[in-house]
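The values are calculated or read from the model by the stated rules, or taken from the named source; none is laboratory data. Small disclaimer: the values here were computed from a predicted structure and weren't measured. Backbone-built Cβ (ideal geometry, glycine too); neighbour counts: all protein chains shown.
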Amino acid sequence: MHVSMMGLTAAPQPNPATVLAEALVRRAQNGDADAFAELIEDHYERIYRTAWRWCGNRDDAEDIAQEVCVKLGAALAGFDRRSAFSSWVYRITLNAVRDWQRAGARRGRYAQSLAEISPTDQPPEQEAAATSAQLWAAVRRLPEKQRDAVLLVYAEELSHAEAADIMGVAEATISFHVHAARKSLRGLL
Amino acid sequence: MTDKRSDDPFARLSSTPPPAPRPRAREAAFAAARQAYAESQAKINPTAAKGTGWGRRLMSIITSWKGISIMDMRIPVGTTAIALLLLPLGLHYYTSTALTPPETLSGGASVSQPAPSEPLAQPQLAPEPEAAPVQDSAEAEAPSADALADQSMRTAPLAEAVAPAAPAPASAHPAPMVPMGAPAMAPAPMPAMLPRLQSQDAFAQSYNAARDSGFGMGASAGGGLAPAPSGDNFARFEEQRLKVVAEEPVSTFSIDVDTASYAYARRLLSEGYVPEPDAIRIEELLNYFPYDYAPAPSAEVPFQPSLKVFPTPWNDKTQLLEIGIKGFEPPAEADTKSNLVFLIDTSGSMDAPDKLPLLKRAFALLLDQLSANDTISMVAYAGSAGIVLEPTTADNKAKILAALDGLAAGGSTAGADGIALAYRLAEQARVDGTNRVILATDGDFNVGIDDPQALKDFIAEKRQSGTGLSILGFGRGNLDDATMQALAQNGNGNASYISSFAEARKVLVEEVGATLHTIAQDVKIQVEFNPATIAEYRLIGYETRVLNREDFNNDAVDAGDIGAGHTVTALYELIPVGSGGEQVDPLRYGTATPESGAGEELAFLKLRYKLPGAAVSQLIEQPVTPDLVFADIAAAGPDAQFAAAVAAFGQKLKGSVYGADMSWAEIEALAKAGRGEDQGGYRAEFIRLVQDAAALRPDR
């Protein structure tokens, strides 16, 4: 049953919105600065939302989003259109989050020396509800792969196929990561 | 698989909406993205001028400009402005001077035939763009007159018409163009301007080639050879001219131990490109190689000049005077303390195998040379700005290497006040020995002080307080050679170009003493020629190091520094009286032959230096007597032969007026004869380089 479902979704009808987005990417790749600006404006919101979901802090999310925008600008020419542009953006965003968090670990180690450079690292903002906050914190503490899979599927509400494309793994692996995440959070949830 | 049951806790994840981003962050992100995009577009087309604008990297933080409509109208407004301004000028130059502005040709015009009409008669060099300017500029007159007359919205055709015509003045006169097109041209690599830049470059190529062939360089045989595909930035300089001893008997210059030019030229040649003439500084070529000069007696007299005179290989009527200096080398056991602060560029552009990763490997090499006496700190700027490593003694290798491994290139956000931070760390860990900031970059001098003059002043001021600056340049395409030079000179340091692991080893391991331990400062050389024996002379290279005659005795004037074990070589081409090689006719009236005590002497060498930290300079004097003259270059030893070969190579590669008729094969033979012992294999590498150059730009 499931297989046939996948067979249908794998070859979607050409959607006018996607076609338009593709044209925009193509124009931006050919050096049209206006097209690039439009492209970034279309995607900024989503990038920021993703970044926020992954790190749970508006300041960091804004910085990551900016980092991603810069990377997009620098790397757009190298985008080979083998995957959907939005998947590509996701990949860049997730990489940026990972880099950011690793750098954050380093920043923690040199927190004192850095204090004079970026003194205002504000505390994470309040989540809507306390239980929800607990859930988010638990998910963000998961191992990277599990966290990414869970957030892509549940927070970003993507299909397993899309998540697999973004993470560069097989679809079954996504299910496996979600399953593993569920298992490791069993005590908490 | 997609079992989103209602009781699934994960399902709640989608119900928490993230807070909205703040508009200011959003704007900043857009601005940064657009800038990165513009930069990447410029990189795609490597002919676009890059690394030129000092303020350019900082554009993104000026978010307040964003809303100003002129910024968003840059393309149409800029194109229109350029079209309106350049067209009359372009036509003027085209019609009045046949595309050869006198200013740039003044280098060779007086001696050789620069062939003013050559650029148009050289279709084989750059066929398509070459043909275009001629035709289009002729056609341009009609529509442009139209457009100017009615001032209508015909900016597009006008811009197209002017584009091919514009290159002539634009490429030849960069300086005067800037003020005219200033507001529009500031954001240089705009997509709409790219065609213009391209054709400009095509013209520059054909222009260079035409100039070369005018000097008998045979460049046209190279077919479609591009001089250099780089976005690297080199300051223009004129070659040293021949001087008449009777008029200008004294020559003064500062020594120079930089080697960046050779490493750069080598990289380009080995990749199959001929470097642009301004990238070749012959003194840096000469000084790249170690020479076996007489060692200095003691640290108090840190060097002893070696002088030799021998026949010039490219001109049998002239002689070469070789001045060689080898810096004192302290005995190995005398381990001096050093305090090194690495200021590392981690901007996105450093993310290439030959940049940050190479730096990491090179750095590990350096670490092996240091001991517990030495302190290392690291500051990164750009994306992840801040202190990466607090001052740590060099025996904590694991900690240092871990900090280094944590560095990653990425982001192009404006860096923190990186350079001030680096200097502060240097102060904090100050030792009684070498205190030095080492800036590793690929050309982004976005270190917190964006005014170049302020940056130079800052570095010079820190130099006074005892902290020097050295620069390691990496990569290609973004390198700002002139700034590197200027900063290192102000910081009493040297600029090295690290193109490969082997080069990193040479700079950071074999010459670590010279790179890090200065043994004499402000070393100046003054040579006075005896008009009774020498008619004319010419200093080879050192164009950017020339000092005024009065600067020699002025201790306040800064000059080059010598590190432990450094060798410095300077060559003069001398034309003896009555040799028949004189280029300048004697004066008809009043040749009052000056009487000098030493009728036999050729010249008199004076050398000034300061011991490290001293305020008053010392003087070394030595006459150039006839017993230093060798009748045959082979008798003068391998070092002399090799130095002459390097000078000939540099001159030929530059397309110099002098010595261009020496063939590549002759240069190679001379270099082979001068190879000597060649520890380290640098001279063998040079010989290969001569072969590369010969293949790229064959003799005819």
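For the reader, a short list of remarks on this structure follows.
- Of residues in region A:53-87 being more than 7 Å from chain B (Cβ to nearest Cβ) and among the acidic types (Asp, Glu), the one farthest from A:LEU142 (Cα to Cα): A:ASP80
- Of the residues screened, B:PHE303 is not one that is of a type in the set (Phe, Trp, Tyr) and at pLDDT 85 or above.
- If the condition is being more than 13 Å from A:TYR48 (Cβ to Cβ), of a type outside the set (D, E, K, R) and either at the interface with chain A (Cβ under 7 Å from one of its Cβ atoms) or touching a residue at least 60 places away in the same chain (Cβ under 8 Å) (or both), then region B:19-37 contributes B:ALA32, B:GLN35, B:ALA36, B:TYR37.
- Beta carbons closer than 8 Å, at least 6 apart along the sequence or on distinct chains, pair a first residue in region B:453-471 that is closer than 16 Å to B:ASP522 by Cβ and charged (D, E, K, R) with a second that is modelled with pLDDT of 80 or more and not in a helix (DSSP H, G or I) for B:ARG463/B:LEU469.
- The single condition among (1) of a type in the set (Gly, Ala, Ser); (2) touching an Asp or Glu at 6+ places or on another chain (Cβ under 7 Å); (3) surrounded by 23 or more Cβ atoms within 10 Å (Cβ to Cβ) that B:ALA265 does not meet is (2).
- All positions within region B:634-657 that are part of a helix (DSSP H, G or I) and surrounded by fewer than 21 Cβ atoms within 10 Å (Cβ to Cβ): B:ALA634, B:ALA635, B:PRO638
- Residue within region B:280-290 that is more than 27 Å from the chain's Cα centre (by Cα), assigned by TED's automatic domain parsing to the domain that holds B:ASP561 and at pLDDT 85 or above present: no
- Restricting attention to region B:506-535, the residues being of a type in the set (D, E, K, R) and modelled with pLDDT of 90 or more number 2.
- Strands (runs of 3 or more DSSP E) (entirely within region B:496-567) containing at least 1 residues that are within 29 Å of B:GLY475 (Cβ to Cβ): B:518-529, B:560-563
- Every condition in (1) surrounded by fewer than 23 Cβ atoms within 10 Å (Cβ to Cβ); (2) charged (D, E, K, R); (3) under 21 Å from B:LEU653 (Cβ atoms) holds for B:LYS243 except the one numbered (3).
- Enumeration of residues in region B:630-663 that are modelled with pLDDT under 90, β-branched (Val, Ile, Thr) and in contact with a strand residue (DSSP E or B) (Cβ under 9 Å, 6 or more places away or on another chain): B:ILE633
- Selection count where residues are more than 8 Å from chain B (Cβ to nearest Cβ) and more than 13 Å from the chain's Cα centre (by Cα), scope region A:151-163: 1
- Qualifying residue in region B:358-380 (condition: over 30 Å from B:ILE519 (Cα atoms), of a type in the set (Val, Ile, Thr) and more than 14 Å from every other protein chain (Cβ to nearest Cβ)): no
For (1) within 26 Å of the chain's Cα centre (by Cα); (2) part of a helix (DSSP H, G or I); (3) at pLDDT 75 or above, each residue gets a yes or a no:
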residue: B:ALA364; (1), (2), (3): no, yes, yes
residue: B:ILE400; (1), (2), (3): no, yes, yes
residue: B:LEU407; (1), (2), (3): no, no, yes
residue: B:ILE438; (1), (2), (3): yes, no, yes
